[in-house]
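Contents: one structure, followed by commentary.
The values are calculated or read from the model by the stated rules, or taken from the named source; none is laboratory data. Note that this is a predicted model, so its numbers are computed, not measured. For neighbour counting, all protein chains shown are included, and Cβ atoms are generated from backbone atoms with ideal geometry for every residue, glycine included. The area values use the complete protein model at the heavy-atom level, side chains included, leaving out ligands, DNA and RNA. Shrake-Rupley method; radii C 1.70, N 1.55, O 1.52, S 1.80 Å.
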Amino acid sequence: MLRQRIITALLLAPIAIICIFLLPIKGLAVLLSAIVLIASYEWSGLVSRSTFTRIGITVTLALVWLASFAVFSWQSAAQNSGLIALFFIAVIFWLVALLLVLRYPDSAQYWSTNPLLKWFAGLLALIPFGWSMLVLRNTNTQHSWVGALWVLYVMALVWAADTGAYFAGRRFGRTKLAEKVSPNKTIEGLAGGLVAAIVICLLVLAIVRPDINGWVFVGTSVLTALVSVLGDLFESMLKREAKIKDSGSLLPGHGGILDRIDSLTAALPVFTFCYLLWVAL
């Protein structure tokens, strides 16, 4: 299984990087639309086993995503109050998700039998995710590689936090982080993941020297790494309640698309919201 995961990751990583750097913004929007569509179908499996219900959830989530292009624009995002509001709502949603994860399984009584709430959670996870990637990628219309580097940086933070947590957890893991949600995750693993993410952050700060206050940059990066773990835990909680191991089977060794982007659905909107605050201030 580990070998399969590594092979799939080695194939996906360069493809993702190429798409982020080389696709024009409209092409990236088309690719994200496909990702959101597949993720919507996988999310429907967390809500219901009924084929009819799953199709309904997938179609409505996809329609909301497409309709959002009539409301939002990736141009001049820092002055776009609608997008800022969207990302602010996403931040609030992930705060609520944190409470649900911390209180699980007791919290399940409020949402586990309510398909509408779980549909709404999918909406708040997927729509801000897609738009945050578009906005971050388009931060510099003169030089698209600048925005691509920001997207890559967030991904690097998430990958570092995930990889660091895996190896630190295996070597030092003793204290369970959220045993009822994800029994294999440990506080030691979380600490290892944060150390790995901070190393990435400090390297970027030293080499690239972004035009941002160093403490703000480090704080935002640590917050992004932390919230990426929450994205993973939140999906794990939904899968546990739905009694499924993976959201899908599209990616060998990794499960579905949703299993690969769960951390990013939290990390990207939170980082983008912080980034827009930097620009505004």
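Observations on the model:
- Dipole magnitude for the chain: about 540 debye, using +1 per Lys or Arg Cβ and -1 per Asp or Glu Cβ, origin at the Cα centre.
- HN-Hα J in Hz across region 15-29 - Karplus 6.51, -1.76, 1.60, θ = phi - 60°, x for Gly and Pro: 5, 4, 5, 4, 5, 5, 8, 9, 5, x, 4, 5, x, 5, 4
- Among the trypsin sites (Lys or Arg not before Pro) found in region 59-151, not one is both in a DSSP coil and sparsely packed, with 14 or fewer other Cβ atoms within 10 Å of its Cβ.
- Share of carbon and sulfur in the accessible area of region 135-204 stands at 63%, probe radius 1.4 Å.
- Packing-based ranking, highest mean first, of 166-177, 199-210, 221-232 given that Cβ atoms within 10 Å are counted: 221-232, 166-177, 199-210
- Based on the convex hull around the alpha carbon atoms, the chain presents an average projected area of 14.3 nm².
- For the set Asp262, Asp211, Asp106, solvent exposure ranked by accessible area (probe 1.4 Å, protein chains only) runs largest to smallest as Asp211, Asp106, Asp262.
- Placing a label point 7 Å from the Cα of Thr175 along the Cα-to-Cβ direction, the residues of region 185-211 with a backbone N closer than 20 Å are 185-198.
- When restricted to Cα atoms, region 230-275 yields an Rg and a Dmax of 11.8, 37 Å, respectively.
- For the pair Ser107 and Lys245 in one chain, pulling the backbone fully straight at 0.36 nm per residue adds 47.6 nm over the alpha carbon distance.
- Sites listed here are trypsin sites (Lys or Arg not before Pro) in region 227-274 whose DSSP assignment is loop and whose Cβ has at most 11 other Cβ atoms within 10 Å: Lys243, Lys245.
- Separation between Cα centres of region 34-65 and region 179-193, rounded to whole Å: 29
- Region 23-80: trypsin sites (Lys or Arg not before Pro) falling in loop per DSSP and having at most 16 other Cβ within 10 Å: Arg49
- Percentage, to the nearest whole number, of Cα pairs in region 170-266 over 18 Å apart: 57
- Cα-based Rg of region 63-216 normalised by 2.2 N^0.38 Å, two decimals: 1.23
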